[in-house]
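A.B. asks: What follows is a single structure, and I will ask about it in a moment.
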Amino acid sequence: MPAGECMLRQLMHRLLGRQPAPARVEPVVAGEPPKVSHRESPVAASAPAQLNTDLELAVVASLFGLDTPLIQPPNEFEQQALKALKGVLAGDLKDSSLVPRLPSLLPQLMSHFRSPTVSSKGLAEMIGRDLVAVGEVLRVANSSYYRRSKEVTSLEQAVVLLGERGLRQVVANLLVRPIFNTRDGHFGQLAGDLLWRQSERVAQVCAALARAERGNEFHAYLAGICSHLGLMVGCQLLDSRFPRGGYVASELFLRDWLRLGRRLNAGVARAWNFPAGCYQVLEAMTESAQVLAPAADVERLELAMRVCQQQLLATRSGLAAASQEPVNELQMRRLQVARQALERCS
């Protein structure tokens, strides 16, 4: 067995068996779905570290084609990349060439979602004005998540199938996907498709957990679909600002890249005026978070990211993801919801 494959298998055996952090929610009553506590239990800005950073490191290393990142200081290329990414974060993300401007249609749709009287018909009429939006609606309606026996070929069929919930998710995709579609260089081509698939899966799992726990499903989906934005912006930066021949090899670089990527997730969501229920959760996932977010919202995103990362690494290594032993009935139900939602995405 090649040394790199052996190392990855050893890493998988160690990582996939880790248990999730205990959920801070009310006890489950038999026969009822799990539900979030109504008390506002915030997550302190200094405590995002329910994240499994070793698991994240293994995922991002796989994006760059690394089996074994080197324990050494970042090379010159990596140092320049980190400096440039910090510069992007310090500037105005609304004016950054790496962050696309929102199409004029999408803010209108976002404002419609804030109205309790919005209807699927009204949303469909707005979506029908934009061919890109129509194409995305049809793509999602025909995805494995909805498991149709016949292909959906008309906007009207798609709208009926997706309903208001599905249309909201389509709009979230339209808001975020342009960043993942810019793949002119080596790093963007290497990571773009995979990061987008991971984003969609995290979003679906996060939304399913929110639905089961009577949380804000749309905000949860938005947070999930933004969960890999920063990494993709970083890949575009590598491609656009540095000459060919640069390479990534250092574990220290990858850890800093992940940390800055999480800050970019939240920064872009803020720059695009996403709801506070989205960007505050993303900010709570950073090491320098300065806001408080409800604990249950953060836990949903943490769990969604963890199960999706485990599945990705298990698929790449050929190993089945080790089962995690929940410590109570609520955790068991949460994990079941997450796995069922992930299975529908496959």
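A.B. asks: What's the number of the only condition in (1) touching a strand residue (DSSP E or B) at 6+ places or on another chain (Cβ under 7 Å); (2) at pLDDT 70 or above that Val88 fails to meet?
C.D. replies: Tallying (1) touching a strand residue (DSSP E or B) at 6+ places or on another chain (Cβ under 7 Å); (2) at pLDDT 70 or above, Val88 fails exactly one: (1).
A.B. asks: For the range 109-118, indicate whether the set of residues that are assigned to a loop (DSSP other than H, G, I, E, B), crowded, with 16+ Cβ neighbours inside 10 Å and at pLDDT below 80 is non-empty.
C.D. replies: Yes, because at least one residue in the range 109-118 is assigned to a loop (DSSP other than H, G, I, E, B), crowded, with 16+ Cβ neighbours inside 10 Å and at pLDDT below 80.
A.B. asks: Identify all residues within the range 147-161 that are out of contact with any helix residue (DSSP H, G or I) (no Cβ under 6 Å at 6 or more places or on another chain) and without any contact (Cβ under 8 Å) to a residue 60 or more places away in the chain; write none if there are none.
C.D. replies: Arg148, Ser149, Lys150, Glu151, Thr153, Ser154, Glu156, Gln157, Val160
A.B. asks: Moving to a separate point now. Consider Arg306 carefully, then state whether it is at pLDDT 90 or above, crowded, with 24+ Cβ neighbours inside 10 Å, closer than 25 Å to Gly65 by Cβ and under 13 Å from the mean Cα position of the chain (by Cα).
C.D. replies: yes
A.B. asks: Another question, then. Within the range 190-201, is even one residue in a loop (DSSP other than H, G, I, E, B) and in contact (Cβ under 8 Å) with a residue 60 or more places away in the chain?
C.D. replies: no
A.B. asks: Can I ask one more? Is it true that some residue in the range 249-258 is of a type outside the set (Phe, Trp, Tyr) and under 19 Å from Leu301 (Cβ atoms)?
C.D. replies: yes
Yes or no, residue by residue, for (1) within 14 Å of Cys278 (Cβ to Cβ); (2) outside the structural domain of Arg263 (by TED's automatic domain parsing); (3) at pLDDT below 80; (4) of a type in the set (Lys, Arg):
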| position | (1), (2), (3), (4) |
| --- | --- |
| Glu156 | no, yes, yes, no |
| Gln169 | yes, yes, no, no |
| Gln198 | no, no, no, no |
| Ala212 | no, no, no, no |
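A.B. asks: Just one of the numbered conditions (1) part of a helix (DSSP H, G or I); (2) touching a residue at least 40 places away in the same chain (Cβ under 8 Å); (3) in contact with a helix residue (DSSP H, G or I) (Cβ under 7 Å, 6 or more places away or on another chain) is not true of Ala296; which one?
C.D. replies: (3)
A.B. asks: Still on this structure: Just to be sure, is Glu283 modelled with pLDDT of 90 or more, in a helix (DSSP H, G or I), touching a strand residue (DSSP E or B) at 6+ places or on another chain (Cβ under 9 Å) and of a type outside the set (A, V, I, L, M, F, W, C)?
C.D. replies: Criteria met by Glu283.
A.B. asks: Only residues that are aliphatic (A, V, I, L, M) and not in a helix (DSSP H, G or I): list them for the range 244-280, please.
C.D. replies: Val248, Ala249
A.B. asks: Residues of the range 119-149 being hydroxyl-bearing (Ser, Thr, Tyr) and either modelled with pLDDT under 70 or surrounded by 12 or more Cβ atoms within 10 Å (Cβ to Cβ) (or both), which ones?
C.D. replies: Selection gives Ser119, Ser120, Ser143, Tyr145, Tyr146.
A.B. asks: Which numbered condition in (1) outside any helix (DSSP H, G or I); (2) modelled with pLDDT of 75 or more is the only one that Met332 fails?
C.D. replies: (1)
A.B. asks: Go through the range 202-231 and count every residue that is among the acidic types (Asp, Glu) and either surrounded by fewer than 24 Cβ atoms within 10 Å (Cβ to Cβ) or in a helix (DSSP H, G or I) (or both).
C.D. replies: Total meeting the criteria: 1.
A.B. asks: Now a separate question. One residue is enough: does the range 232-243 have a residue meeting the conditions in a loop (DSSP other than H, G, I, E, B) and in the same structural domain as Pro73 (by TED's automatic domain parsing)?
C.D. replies: yes
The values are calculated or read from the model by the stated rules, or taken from the named source; none is laboratory data. Fair warning: this is a prediction, and the values are worked out from it, not measured in the lab. Using ideal geometry, Cβ is built from the backbone for each residue, glycine included, and neighbour counts are taken over all protein chains shown.
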